[in-house]
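Here, each number is a calculation from the coordinates, and none is a lab measurement. Predicted model only: the values in this text are computed from it and were never measured. Cβ atoms come from the backbone with ideal geometry, glycine included; neighbour counts cover every protein chain shown.
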Amino acid sequence: MPLADIGVIGGSGFYDFFDGPGGAREVDTTTPFGPPSDPLVVGEVAGRRVAFVARHGKGHRLAPHRVNYRANLWALRSVGVRQVLGPCAVGSLRLEHGPGTLVVPDQLIDRTSKRAQTFYDEPPAKVVHVGFADPYCPVGRTTVVTTARDTGWSPVDGGTLVVVEGPRFSTRAESHLHRSMGATVVGMTGHPEAILARELALCYTSLALVTDHDAGVEGGPAVSHEAVLEVFAQNVDRLRALVVAVVAALPVPGDCTQCPCALDGLDTGLELP
């Protein structure tokens with residue numbers, strides 16, 4: 001019997017998910033790609049079994065480019081997870097989307113450069129090409145948007161998340177470039193998380209919380225990590241409450257006809273957990 005069917009990957013400032021012990025427990029997992037950012041914590045939320053991992057580790061030990069994204073996703077699948085929610089902090093590339101805005105992106109642009117972004121790159125894995133035209137789970141996105149509206153948090157439904165390598169923030173010129181590419185928000189952790197989830201046939205949905213305007217948007221001062229964490233802290237209880245409501249509202253994984261079928265007909269050479 002799986003320990004959990006829903007996974008939550010907590011972003012900057014989102015280091016805990018369960019209120020008190022409440023039956024939640026740490027689960028040690030081993031993966032072919034090393035240890036996850038922290039031991040998974042598994043417990044019950046809104047009648048659903050959930051596995052939580054802090055993306056950066058407790059205390060924010062891991063910079064975005066040092067997160068072991070492969071281990072995190074593999075570990076979640078190994079305990080039974082088939083749907084993943086990925087809250088994250090982002091900078092806005094649009095004046096109209098200020099701090100505290102919730103964006104539920106439907107597209108992604110990868111501008112990272114050094115991250116392992118496939119499970120299928122060396123034997124015994126075979127060469128595997130998965131479809132990624134629509135990088136986020138349509139069922140998960142609809143659930144997040146509907147639930148957010150029901151709870152009084154009007155989200156931006158759709159938009160493009162551009163993911164940069166980090167750990168530095170963008171220059172003003174890069175910010176202008178990202179806007180010209182049609183991006184809505186910019187962050188450092190949404191990729192390769194999304195593609196790795198797809199390579200494991202997991203449903204993955206991003207919940208992007210705007211903490212600042214990016215440097216080139218309004219000509220103001222450059223953003224700082226401290227300012228990002230401050231705004232995130234002001235909104236983290238609201239975000240956590242939304243994630244709990246989404247967990248309760250998510251349908252069974254079989255309702256999605258896109259993500260679970262990502263590997264259909266493909267010989268991966270790997271035995272997935």
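For the reader, a short list of remarks on this structure follows.
- Derived scalar couplings between HN and Hα for the stretch 52-64 equal 10, 9, 7, 3, 9, x, 4, x, 6, 7, 10, 5, x Hz in order, rounded to whole Hz, by the Karplus curve 6.51 cos²θ - 1.76 cosθ + 1.60 (θ = phi - 60°), x for Gly and Pro.
- Phi angles of the stretch 102-118 translate, via the Karplus equation with coefficients 6.51, -1.76, 1.60 and θ = phi - 60°, into HN-Hα couplings of 9, 10, 10, x, 10, 9, 9, 10, 9, 10, 7, 9, 10, 9, 5, 10, 8 Hz per residue; Gly and Pro are given as x.
- The Cys residues in the chain with no partner Cys Cβ within less than 4.7 Å of their Cβ are C88, C256, C261.
- For the stretch 6-261: rounded, prolate or oblate by the Cα gyration tensor [a/c cutoff 1.5]: rounded
- The charge dipole of the stretch 6-261, taken about the Cα centre with unit charges on the Cβ atoms of Lys, Arg (+1) and Asp, Glu (-1), comes to about 380 debye, rounded to the nearest 20.
- Taking amide H positions as modeled 1.01 Å from N, with prolines and chain starts lacking one, the residues under 5 Å from L108 and 5 or more places away or on another chain are L161.
- Helices of the chain meeting both criteria, an alpha-carbon length of 27 angstrom or more along the long axis and an average Kyte-Doolittle score not below 0.0, with helices taken as full DSSP H segments, are 225-249.
- Exposure here means at most 12 other Cβ atoms within 10 Å; with GluC sites (Glu not before Pro) in a DSSP loop as sites, the longest stretch of the chain lacking them is 97-270.
- Long-range amide H partners of S12 with built H, under 5 Å: A89
- Put simply, the amide H of V156, placed in the peptide plane, has neighbours under 5 Å in L102, V103, V104, leaving out anything fewer than 5 places away on its chain.
- The chain: most fluctuating residue of A173, A241, A233 per GNM, C-alpha cutoff 10 Å: A173
- Three-way shape call for the stretch 16-127 based on the alpha-carbon gyration tensor, with the a/c threshold at 1.5: oblate
- Unit charges at the beta carbon, dipole of the stretch 6-261: most positive-side option, V252, A215, F232: V252
- Ordering of 257-269, 205-217 by packing [mean C-beta count within 10 Å, highest first]: 205-217, 257-269
- Within the listed set S92, S78, S180, the residue fluctuating most in the Gaussian network model of the chain (springs between alpha-carbon atoms under 10 angstrom) is S180.
- In order along the stretch 254-270, the phi-based Karplus estimate (6.51 cos²θ - 1.76 cosθ + 1.60, θ = phi - 60°) of 3J(HN,Hα) comes to x, 6, 8, 9, 9, 5, x, 9, 4, 9, 4, x, 9, 9, 7, x, 10 Hz; Gly and Pro are listed as x.
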